[in-house]
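Working notes for the structure below.
The values are calculated or read from the model by the stated rules, or taken from the named source; none is laboratory data. None of these values were measured; they are calculated from a predicted model. Cβ atoms come from the backbone with ideal geometry, glycine included; neighbour counts cover every protein chain shown. Side chains are part of the model used for accessible areas, which takes the heavy atoms of the whole protein and leaves out ligands, DNA and RNA. Shrake-Rupley method; radii C 1.70, N 1.55, O 1.52, S 1.80 Å.
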Amino acid sequence: MTVGTECSSGIVGLAGRDEHLVPAVRSAEFHVAGVVLPVVSPARVYVCGITPYDVTHLGHAATFVWADAVVSVLRSVGVHTVSCRNVTDVDDVLTSAAVAHGRHYDDYAVYQEFLFEQDMAALRVARPAHTPRARHFIPQVLQLAAALLATGNAYERDGSVFFRGIGAVATSGLSRDRALGLAREFGDNPDDPMREDPFDVPVWRPSTARDPAWPSPWGWGRPGWHAECAAMAMAEFGASVDLLIGGQDLTFPHHAYQSAMVQAATSVAPFARRAMHVGAVHYQGRKMAKSTGNLVLVGDLLRSYPPAAIRLLLLDRPWQTEWEYHEGDIDAAAADLETLHAAAGRPNRSAHAVGAVTAALLDDLDIPAALAIARDDGGEAARGLLNLLALS
Ligand SMILES: [Zn+2]
């Protein structure tokens, strides 16, 4: 029913009518990475999840807290939002860690996943609607491999199915040398002489005795990393997603190849309407990583600080920017949280503050601007924002 149909004199304009009868469709104002991304329910949000082999550090938490915030922002403007966060539980790094601990890979993965879920729950990260595990999606990977072979985008070689990846490199905008360096860094093994081109990557590959293995038309084997995420995303959301979220270091090769595989298999492009790659967290001058050992563990912080202080530390900054964590930062965030709660207890100062907070959130998730409004204006604007971002 349109607004004007109740009027006996025919269709009327909106002037003079109660504005509340005409809900503003603010999801059309949503900008990500500087470009408008109008979304229609359901919004499909795919978050690249963990490889469950080690404890959660601040760098991991940043990605998942930001993904949680995006979902909350979309829901706050009435968009039905469905999120998915996968678990990469078939991975050589995980296999090595499980072997080192004398455990079977899936047994070890379930234990690590349990610890991760505890950290996420403590950080008030809402559980996504879908949490696919790679080992449950082997049939979909086999279908993906068959589709890529059928369309000429892959070839079989000695039990492996290789995806032709030069297109993923071309669209990444990276130089050949930089792309080769990243492919080596992330274990894509571009120097493998079996491949027709260094940028081809396995959709399927044979397993050694210690690896998990499943039967396939090409022999016993296991999926490649990028193919796992491509298959899980397609299984949950079909040929495309509205937002593809992950840490900055997943931009290439992982998300470039995931997207290229889905597009090649489905003829639907783009796979991801927009990507959100959350800025890396540095500590002691280097990117926080297990390999360098410069970790700040979420579990350690949670022993001394409220979860809302950790969320505030992660969210009060531009999402795409790398940053360095310093020891005093969490104390500053805890103090700021007190300031925000005090502001929330004040009466409203401005009738426009609530709308201004929403506008800031829709403007590339400008949480620093939204928080500044909340601090200054207090009242309902502050209460609403603290609730939305789970900072209460
Ligand atoms: Zn992924």
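The table that follows gives values for the structure above.
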read-out: Accessible area of R135 in the full protein assembly, 1.4 Å probe (Å², nearest 10); value: 50 Å²
read-out: Peptide ranges 322-333, 381-392 listed from the most packed, as the mean C-beta count within 10 angstrom indicates; value: 381-392, 322-333
read-out: Sequence ranges 159-167, 347-355, ranked by mean other-Cβ count within 10 angstrom, highest first; value: 159-167, 347-355
read-out: Förster radius 41 Å - calculated FRET efficiency between I166 and H326 (Cβ-Cβ, nearest 0.05); value: 0.45
read-out: Environment charge of G181, counting only residues whose C-beta is closer than 13 Å and scoring Lys/Arg +1, Asp/Glu -1; value: -2
read-out: Region 111-146 versus region 259-289: alpha-carbon centroid distance in Å; value: 17 Å
read-out: Net charge contributed by nearby residues that have their C-beta within less than 15 Å of G238 (K/R +1, D/E -1); value: 0
read-out: Average Cα contact separation per residue, the chain, under 8 Å, 6 or more apart, as relative contact order %; value: 18 percent
read-out: Under the span-like rule (Cα at least 24 Å along the axis, Kyte-Doolittle mean at least 1.6), DSSP H helices of the chain; value: none
read-out: Cα centroid of region 189-248 to Cα centroid of region 26-97, whole Å; value: 21 Å
read-out: Surface share of carbon and sulfur [accessible, 1.4 angstrom probe, percent] for region 16-143; value: 57 percent
read-out: Positive-end residue of M261, A289, T251, charge dipole of region 245-325 with Cβ unit charges; value: M261
read-out: Virtual spin-label span in nm between F186 and A269, 7 Å along Cα→Cβ; value: 1.9 nm
read-out: Ranked by how many other beta carbons lie within 10 Å on average, peptides 23-34, 369-380 from highest; value: 369-380, 23-34
read-out: Calculated FRET efficiency for the pair S291/D107, C-beta based, R₀ 25 Å, to 0.05; value: 0.55
